[in-house]
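The values are calculated or read from the model by the stated rules, or taken from the named source; none is laboratory data. Since we're looking at a predicted model, the values are computed, not measured. Here the Cβ positions follow ideal geometry from the backbone for every residue, glycine too, while neighbour counts run over all protein chains shown.
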Amino acid sequence: MCKFVLLSSLVFLTCSNLLFGQNIQRKNELLWEISGNGLKTKSYLYGSLHSNDKRLFRLADSVYVALNATKAVVLETDIFSLFDEWDTRKAEIRLLYDNQGKPYTANDEATETLYGNEDGMPQFLDAYFLQYCYNAKKKFFPLETVEEQLSLLTEIGLPDAKGMNLPVLDYMQEKVIEMYLLGDIEGLNKMMNVNLSVEGDTELYDELIVRRNERMTKGLDSLMRLNPLFCAVGAGHLAGDQGIINLLRKKGYKLRKVMAVYSEGTIPAKEEVRSFKNYSYFNDQVGLVAVFPGKPKELKIYDGHPYLIYRELGQGNTFSIEIVPVDGTLTLEEQAAIYIASPDASPYSLSIQDDGTEYYEGISDTYPEGPHWVRLIQNDEYLLILKAFGGNKFMNSNRPNLFFSRVWFDQ
């Protein structure tokens, strides 16, 4: 972003009270500006919360300005790398069928996930920042590898639930969320210390917080010299003598708290950040165009077939595309019999897209997905197996069909 655009955003923030009302949280300490120590461009450190609670997503104007201004996003780890093996839903979905074969869930309550439930945002907060990063074509850097985090959980005897930062799951408690919304990082640090210490033994706190703070600070120190960053880590890592803020100051950096200002209207930086809602995927060899909510993970499975998968970890939704060479000995209907394991009460059916393309679609119930929507489309060379599934509310929504409608052959 050019200096003029950034300056314009900052001036807008300063003068916006002339245009509409503001709410200022002067004690909120979630966002910090980093400068000095030889940096040519400022970076930002933000305290995050590993939850998809909608209240967390009412970000201050300054957070949008910082996100929009920096060229790279830094998080604790690359959570998207687990798309192929990690379903965050806590309960299996059971479908019923009406007398016309239309499926519906036996339970209309929001499905619980490791990071909240379906009533929250699609991604939890850190994953939202990563989704934005890829959609906006910015650089991404993790401070820790997934393997390092999982290894740490194993070493200290905590269960491996693929849910990184397991102790932070306690943040789902209402009291902690309220503390976070106030930006009380000192209080969060103290709560982490208490929860991770047993009868005065701080070894668990030291391992999960203190030593990781040191490693993440070292990583930030290196990365900030190459790119202006927006770094989001758990808010419990920021405060205290051994917190990342103080550790960066000891290295010679200047850290300034950025005031949390919430405008009633929409500032340009907020509009810009929120405009990156989708990720367009292209495969020239296959002639495939697909629009995902964010950047999918690309894999090779089953005889080397290309496979794309994207998960909304907060709500527990999954979107995938498997690309299979066409078997000329089989009709599309015969392939539907292979790939769509429909229950007798709701058989798959043939439909036609607006462009005249035929497709088969229906409910399938296989392991490990459980009940999921499937659509099959093909051209002369490739068959696309599209899948979409999630919790109770997702399976009763139009979102599977919306995803399917955004996948097509370009030739």
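Just a few scattered comments:
- Condition met for Val273 (assigned to a helix (DSSP H, G or I), in contact with a helix residue (DSSP H, G or I) (Cβ under 6 Å, 6 or more places away or on another chain) and not basic (Lys, Arg)): yes
- From the options Asn28, Asn23, residue that is surrounded by fewer than 14 Cβ atoms within 10 Å (Cβ to Cβ) and polar (S, T, N, Q): Asn23
- The residues on offer are Leu67, Leu95, Leu49, and the sole one that is surrounded by 17 or more Cβ atoms within 10 Å (Cβ to Cβ), over 25 Å from the mean Cα position of the chain (by Cα) and either aliphatic (A, V, I, L, M) or on the phi > 0 side of the Ramachandran plot (or both) is Leu95.
- A count restricted to segment 193-206 and to residues that are outside any helix (DSSP H, G or I) and either loosely packed, with under 14 Cβ neighbours inside 10 Å or in contact (Cβ under 8 Å) with a residue 12 or more places away in the chain (or both) stands at 6.
- Members of segment 207-235 that are in a helix (DSSP H, G or I) and under 21 Å from Leu196 (Cβ atoms): Glu207, Leu208, Ile209, Val210, Arg211, Arg212, Asn213, Glu214, Arg215, Met216, Thr217, Ala235
- Check on Ser151, assigned to a helix (DSSP H, G or I), modelled with pLDDT of 90 or more and not assigned by TED's automatic domain parsing to the domain that holds Ala341: no
- So Phe140, is it at pLDDT 95 or above and over 25 Å from Asn117 (Cβ atoms): yes
Yes/no matrix, rows are residues, columns are (1) without any contact (Cβ under 8 Å) to a residue 40 or more places away in the chain; (2) buried (at least 17 other Cβ atoms within 10 Å of the Cβ):
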| position | (1), (2) |
| --- | --- |
| Thr357 | no, no |
| Gly362 | yes, yes |
| Gly391 | no, yes |
| Phe404 | no, yes |
| Asp410 | no, no |
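- For segment 118-139, a residue qualifies if it is crowded, with 20+ Cβ neighbours inside 10 Å, among the acidic types (Asp, Glu) and over 8 Å from the mean Cα position of the chain (by Cα), and exactly one does: Glu118.
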